[in-house]
Amino acid sequence: MSTDETRDLSVDELRYDADGLIPAIVQDAADGCVLMLAWMNREALLRTLDTGRTWFWSRSRRRLWNKGEESGNFQQVQQVRYDCDADCLLVLVEQTGDGTACHTGRRSCFYRTLT
């Protein structure tokens, strides 16, 4: 394994898509449950790293949003990882409030099965 494969990257070295976005998978740090997927731009990622709470870019509303700003179910960031291609993030969190991450009132956004 080369040192390039194990070194930490800066926010500007990540590979954002043509719209300046990167997918962020949010996972419960305690039990590994995948809670949600959302999109971050550079500013959302910097706010996340600065505040210790998750911030995302809403593609439909065209604005930044702080997870929990309406529900009170914030996500305290434990660690942010990036994948082997540096084009996807894994955000390990402690889900606060009542434990709900999904806007439907469920713990996880991944509650349905494709058949």
Subset of region 6-29 (residues that are in contact with a strand residue (DSSP E or B) (Cβ under 7 Å, 6 or more places away or on another chain) and either under 17 Å from residue 108 (Cα atoms) or at pLDDT 95 or above (or both))
14, 16, 21, 22, 23, 24, 25, 26, 27, 28, 29
Given the conditions (1) modelled with pLDDT of 95 or more; (2) in contact with a Gly (Cβ under 7 Å, 6 or more places away or on another chain), which single one is not true for residue 93?
(2)
Mind listing whichever residues of region 50-65 are surrounded by 15 or more Cβ atoms within 10 Å (Cβ to Cβ) and not in a strand (DSSP E or B)?
54
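Quick check on my filter: what residues within region 60-115 are of a type in the set (Ser, Thr, Tyr) and without any contact (Cβ under 8 Å) to a residue 60 or more places away in the chain?
Answer for region 60-115, where residues must be of a type in the set (Ser, Thr, Tyr) and without any contact (Cβ under 8 Å) to a residue 60 or more places away in the chain: 60, 71, 96, 100, 104, 111, 113, 115.
The values are calculated or read from the model by the stated rules, or taken from the named source; none is laboratory data. Model, not experiment: these values are computed from the prediction. Using ideal geometry, Cβ is built from the backbone for each residue, glycine included, and neighbour counts are taken over all protein chains shown.
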